[in-house]
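Chemist: I'd like to ask some things about the structure below.
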Amino acid sequence: MNLEKVIFAFFIVLALTVNFGFFIGDITNPIHHNVYELFAAIVVSLIATILKFGDRTHIGAVLLATSLVADLQLIVAAIIWGFVEHVSPNGMTPHAMAAIVSLSGGALLANITSVVLLVTETVMVRR
Amino acid sequence: MRGHNIIFVLLRRLHSPLIALVCVYAICILGFVLIPGVDDKGQVWHMDFFHAFYFVSFMGTTIGFGEIPYAFTGGQRMWSTFSIYATVVVWLYGIGFLLTILQEPGFVQLLGQTSFLRKVKRIREPFYLVCGYGDTGSKLVKALTESDITSIVVEVDQDRINILELEDHRIFVPGLCADASIPDSLLMAGLKHRSCIGVVALTNSDEVNLKIAISCALLNPGVRVIARAETQDAEKNITSFGTSQVINPYETFAGRLAMSLHSPGTFLLHEWMTSVPHEELTEPIFPPHGKWILCGYGRFGKAVHKRMIKENLDVTIIEAKPEKTKAPGDVIVGRGTEAITLQNAGIENAVGIVAGTDDDANNLSILMTAGELNPDLFMVARQNSRSNDAIFSAAELDLIMRRGSIIAHKLFALMRTPLLASFLDLAREQDETWANQLISRISGIIEDKPPHSWEINISKEEAPAIYDRLQAQESVILRSLYLDPQDRSLNLPCIPILLRRRNNDNLLQPDENTPLEPGDRILFSGRRRAQDMTQWLIHNPHVLNYILTGEEHPSGYLWRLLTMAKHNKGTVEQPR
């Protein structure tokens, strides 16, 4: 067992699970989507990205790319949330909530890809 | 050689500070969101993520702006205090880490390599790869850049690379600090680059030069290799790869000295034709025949001795360690720096002395002592290091053999125009009168700078105007190539010194009425300005037409139509 691999896999899977937790629920209903969960998703996703830096294999490059996609989607979601809460005069609307959640849904797909790649790599190593 | 991506290397090394930064920020932000505050109406208020991120961002970097949007409670202030220390420490850690990495010798080297690779990749024009940037290498690179030939330097000593970077060359010369005997370094420096036309191996080790020649022969068989070899073994070894040319500094050196002794005219011609740009014009010298004294019987001494015996000169050798150097029996033992040794060698009735030891200070000391004993001596010095230029020049010697500069000159002549090397070979076979005549012809057209030589190829690419005329079965004579495009009654300040036909027939100093043929290659010698003029007339059909006929044809369509109308009316254009 390799501690580095454990931490690596932990963050990648955690990024997916937290992201999923935020995503699940009625897409327009703010009550179903916890802001703390979005915050956690961003932080975990950033850490996962940093952990992926420097792996120069092909699979490493793809992992880094998926992580960057997830970061991008989540940060844009957070910016929209901040904008509608503090800048926009209307406050939170179902429309804005749907945009935020669908962005996190995109990040979820990227995170799923990451996990699939991770599992594939693990399987290949075992063989 | 695989390129490294600097950004990725840097990011991989920065793993821990970056993760620490993200974690500390996350904890601080979360703390501000969770800790309850009080708003302006005295009600419990929770900071949201947006404000928490805003507050932590400016707090971590500036510690300013105050408590927003409402004044903080005690709990919030306590958390702020913690956050200030945590973020400042984590920033210091991250920045300190980054600076340490940037200063690491390994990383600095990686940075240098990456930028070098990028520069090499960007080169489009043909270039030479020069291995070794010592006395010879630096002189050669300077001469090449002055003639607009690109070169790349590989040198094992970082100090010399630093010197290269500080020098002010006309063209930028990329330098790589690497061991040229490792094929990877040569590959990095562009051995397989499609613009690489030649490799010059000038390191002080024969072994390294041999290794370079082998690497080139195997990795890029078409490339031209010129290697320096100090021993005959290495010389033979390197020539066995076919494409390589070898230069032995001692032999070249001794050959030049012998040439100056038996044919000063040819020697001067050599010096002129192989001189590098911006050098002073060498004055002719006339070494006397008679008894010579040779100090030092090392590799240089042996080569000189061999040539002097060939010239039927009476040579007395002075050598400090005759057993070690296997000097012949009648050698005078000593260093030659003391008067007594020189007197034993018969300095009073000698006509010349060669100070040829490998120690510059000893060489000068020998010559100064000898000069006191016999002021009429013809004094030849061997100068080993370029750093002693000043004192050797001040000593007012008759002939100074600078090792680095002789080899650099020879290489430069070989590399600039292949025809020049053939010309020098042919010139060596001619007699002294021929050489003197050519010298007087050349000195008639040049000023105080040595002659510049260049080559003209009568081909479709390099001389389209001439080539088209020849294809149209019109005859063009050699003289047309060096008439002044501004006034055809004058000659340009240059002369053709060698014409090589397509079938490799060589015409030395060809007659001005020789008809040109496609595929001819002509070597010109003269002033630099003349080269630009000849380039103009071999490229531009209108200029060529003026040169050949004296008429200036209108070049635009409209003007051509107008003149045709004029012609039809019966008026004839007056030739200029």
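The values are calculated or read from the model by the stated rules, or taken from the named source; none is laboratory data. The model shown is predicted, which means the values in this text are computed figures rather than measured ones. Positions of Cβ are generated from backbone atoms using ideal geometry, with glycine treated the same way; all protein chains shown enter the neighbour counts.
Chemist: Looking at (1) over 19 Å from B:PHE8 (Cα atoms); (2) crowded, with 20+ Cβ neighbours inside 10 Å, which is the only condition A:ILE31 fails?
Modeler: Status for A:ILE31: all satisfied but (2).
Chemist: If I ask for residues that are out of contact with any Asp or Glu (no Cβ under 6 Å at 6 or more places or on another chain), of a type outside the set (Asp, Glu) and crowded, with 21+ Cβ neighbours inside 10 Å, which ones from the stretch B:259-271 would you list?
Modeler: Correct list: B:SER260, B:THR266, B:PHE267, B:LEU268, B:LEU269, B:HIS270.
Chemist: When you go through (1) under 30 Å from B:SER16 (Cβ atoms); (2) at the interface with chain B (Cβ under 10 Å from one of its Cβ atoms) one by one for A:VAL69, which number turns out not to apply?
Modeler: Of the numbered conditions (1) under 30 Å from B:SER16 (Cβ atoms); (2) at the interface with chain B (Cβ under 10 Å from one of its Cβ atoms), the odd one out for A:VAL69 is (2).
Chemist: While we're looking at this one, here's another question. Which pairs have Cβ atoms under 9 Å, sit 6 or more apart or on different chains, and link a residue in the stretch B:47-60 that is away from chain A (no Cβ under 13 Å) to one that is surrounded by fewer than 19 Cβ atoms within 10 Å (Cβ to Cβ) and assigned to a helix (DSSP H, G or I)?
Modeler: B:MET59/B:ILE84; B:GLY60/B:ILE84; B:GLY60/B:VAL88; B:GLY60/B:TRP91
Chemist: If I ask for residues that are surrounded by fewer than 13 Cβ atoms within 10 Å (Cβ to Cβ), closer than 22 Å to B:ARG529 by Cβ and among the small types (Gly, Ala, Ser), which ones from the stretch B:442-473 would you list?
Modeler: As a first pass, look at the stretch B:442-473 and keep what is surrounded by fewer than 13 Cβ atoms within 10 Å (Cβ to Cβ): B:444, B:447-448, B:460-461, B:471-473.
Checking the rest, the ones that are also closer than 22 Å to B:ARG529 by Cβ come to B:444, B:447-448.
Answer for the stretch B:442-473, where residues must be surrounded by fewer than 13 Cβ atoms within 10 Å (Cβ to Cβ), closer than 22 Å to B:ARG529 by Cβ and among the small types (Gly, Ala, Ser): just B:GLY444.
Chemist: So B:LYS326 passes all but one of these: (1) without any contact (Cβ under 8 Å) to a residue 60 or more places away in the chain; (2) among the basic types (Lys, Arg); (3) buried (at least 20 other Cβ atoms within 10 Å of the Cβ). Which condition number does it fail?
Modeler: The single condition B:LYS326 does not satisfy is (3).
Chemist: Here's something else I'd like to know. Got at least one residue in the stretch B:5-12 being hydrophobic (A, V, I, L, M, F, W, C), touching a residue at least 40 places away in the same chain (Cβ under 8 Å), surrounded by fewer than 14 Cβ atoms within 10 Å (Cβ to Cβ) and under 30 Å from B:ASP184 (Cβ atoms)?
Modeler: no
Chemist: Also, I was wondering about something else. Within the stretch B:140-155, can you find the residues that are at pLDDT 85 or above and either farther than 12 Å from B:MET415 by Cα or of a type in the set (S, T, N, Q) (or both)?
Modeler: B:LYS142, B:THR145, B:THR150, B:SER151, B:ILE152, B:VAL153, B:VAL154, B:GLU155, listed by residue number.
Chemist: From (1) surrounded by fewer than 16 Cβ atoms within 10 Å (Cβ to Cβ); (2) assigned to a loop (DSSP other than H, G, I, E, B); (3) more than 12 Å from chain A (Cβ to nearest Cβ), pick out the condition that doesn't hold for B:PRO69.
Modeler: All conditions pass for B:PRO69, except number (3).
Chemist: From the list B:VAL33, B:VAL44, B:VAL38, exactly one residue is facing chain A (nearest Cβ under 9 Å), farther than 16 Å from A:ALA48 by Cα and either of a type in the set (Val, Ile, Thr) or surrounded by fewer than 16 Cβ atoms within 10 Å (Cβ to Cβ) (or both). Which is it?
Modeler: Matching residue, one of B:VAL33, B:VAL44, B:VAL38: B:VAL33.
Chemist: Got a sec? Which of B:ARG118, B:ARG12 is within 30 Å of B:SER147 (Cα to Cα) and either assigned to a helix (DSSP H, G or I) or more than 14 Å from every other protein chain (Cβ to nearest Cβ) (or both)?
Modeler: Of B:ARG118, B:ARG12, the one residue that is within 30 Å of B:SER147 (Cα to Cα) and either assigned to a helix (DSSP H, G or I) or more than 14 Å from every other protein chain (Cβ to nearest Cβ) (or both) is B:ARG118.
Chemist: For B:PHE253, work out the one condition from (1) at pLDDT 85 or above; (2) over 30 Å from B:HIS193 (Cβ atoms) it doesn't fulfil.
Modeler: Tallying (1) at pLDDT 85 or above; (2) over 30 Å from B:HIS193 (Cβ atoms), B:PHE253 fails exactly one: (1).
Chemist: While we're looking at this one, here's another question. Of these, A:VAL87, A:VAL101, A:VAL62, which one is within 12 Å of chain B (Cβ to nearest Cβ) and of a type in the set (Val, Ile, Thr)?
Modeler: Matching residue, one of A:VAL87, A:VAL101, A:VAL62: A:VAL87.
Chemist: Separate question: Being over 30 Å from the mean Cα position of the chain (by Cα) and at pLDDT below 80: is that true of B:GLU512 here? Please lay out each step first, then the result.
Modeler: Values: over 30 Å from the mean Cα position of the chain (by Cα): yes; at pLDDT below 80: no.
In short, no.
Conditions (1) on the phi > 0 side of the Ramachandran plot; (2) charged (D, E, K, R); (3) touching a helix residue (DSSP H, G or I) at 6+ places or on another chain (Cβ under 8 Å), marked per residue:
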residue	(1), (2), (3)
B:ILE29	no, no, yes
B:THR62	no, no, no
B:ARG77	no, yes, no
B:THR100	no, no, no
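Chemist: On the basis of being of a type in the set (D, E, K, R) and either in a strand (DSSP E or B) or closer than 23 Å to B:ALA421 by Cα (or both), does B:GLU474 make the cut? Show your work before the answer.
Modeler: On the way: of a type in the set (D, E, K, R): yes; either in a strand (DSSP E or B) or closer than 23 Å to B:ALA421 by Cα (or both): no.
In short, no.
Chemist: To continue, here is another question. For the stretch A:5-58, name all the residues that are under 14 Å from A:ASN111 (Cβ atoms) and not in a helix (DSSP H, G or I).
Modeler: Hit for the stretch A:5-58 is A:ILE24, nothing else.
Chemist: Can you name the condition, by its number, that A:LYS52 falls short on among (1) under 30 Å from B:ARG13 (Cβ atoms); (2) under 13 Å from the mean Cα position of the chain (by Cα)?
Modeler: Going through the list (1) under 30 Å from B:ARG13 (Cβ atoms); (2) under 13 Å from the mean Cα position of the chain (by Cα), A:LYS52 breaks only (2).
Chemist: Determine the pairs where a residue that is of a type in the set (Lys, Arg), located within the stretch B:436-458, has a partner that is modelled with pLDDT under 85 and not in a loop (DSSP other than H, G, I, E, B) with Cβ atoms under 9 Å apart, the partner being 6 or more residues away or on another chain.
Modeler: Every condition considered, the pairs that remain are B:LYS449/B:ARG528.
Chemist: Give B:LEU92, B:LEU110 a once-over and let me know the one that is without any contact (Cβ under 8 Å) to a residue 24 or more places away in the chain and either outside any loop (DSSP other than H, G, I, E, B) or surrounded by 15 or more Cβ atoms within 10 Å (Cβ to Cβ) (or both).
Modeler: Unique residue meeting the criteria: B:LEU92.
Chemist: Now for a different question. Name, by its number, the condition in (1) within 14 Å of chain B (Cβ to nearest Cβ); (2) under 26 Å from A:LYS5 (Cα atoms) that does not hold for A:ASN34.
Modeler: So A:ASN34 meets the others, but not (2).
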